[in-house]
Amino acid sequence: MSAPAPDSPLWFKSSHSAGEQDCVEVAYTSGAVYVRDSKCKAGAALALTSAGFASLVAFARGT
């Protein structure tokens, strides 16, 4: 589900991005884990539950 990005969460990039600009950013809040495109910070973010985010990470790792 796409949702407006939260107003002031702490966004971070993966350590695997190696300083690249083209990657995703993640923010944890009490209600959801948000994922957004680092090139479109004002755009929508994908809102996931903690379990949904864990599944996304496991899928990305191929496990």
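The values are calculated or read from the model by the stated rules, or taken from the named source; none is laboratory data. Since this is a predicted model, take the numbers as computed values, not measurements. Note that each Cβ is placed from the backbone with ideal geometry, even for glycine, and that neighbours are counted across all protein chains shown. Just the protein is used for accessible areas: all its heavy atoms, side chains included, with ligands, DNA and RNA removed. Shrake-Rupley method; radii C 1.70, N 1.55, O 1.52, S 1.80 Å.
Quick check on region 29-48: of everything there that is of a type outside the set (D, E, K, R) and outside any strand (DSSP E or B), which residue is surrounded by the fewest Cβ atoms within 10 Å (Cβ to Cβ)? Step through it out loud before you land on a result.
Going residue by residue through region 29-48, those that are of a type outside the set (D, E, K, R) are 29-35, 38, 40, 42-48.
Now narrow it down to the ones that are outside any strand (DSSP E or B): 29-32, 38, 40, 42-43.
Numbers: THR29: 13, SER30: 4, GLY31: 10, ALA32: 20, SER38: 14, CYS40: 10, ALA42: 7, GLY43: 11.
In this case the residue turns out to be SER30.
Return the pair list, or none, for Cβ contacts closer than 8 Å from residues in region 35-61 that are β-branched (Val, Ile, Thr) to residues that are open to solvent by less than 90 Å² (accessible area, probe 1.4 Å) and in a helix (DSSP H, G or I), at least 6 apart or on different chains.
Short answer, once both residue conditions are applied: VAL35/PHE53; VAL35/LEU56.
In region 4-22, is there at least one residue being open to solvent by 70 Å² or more (accessible area, probe 1.4 Å), more than 10 Å from the chain's Cα centre (by Cα) and at pLDDT 85 or above?
yes
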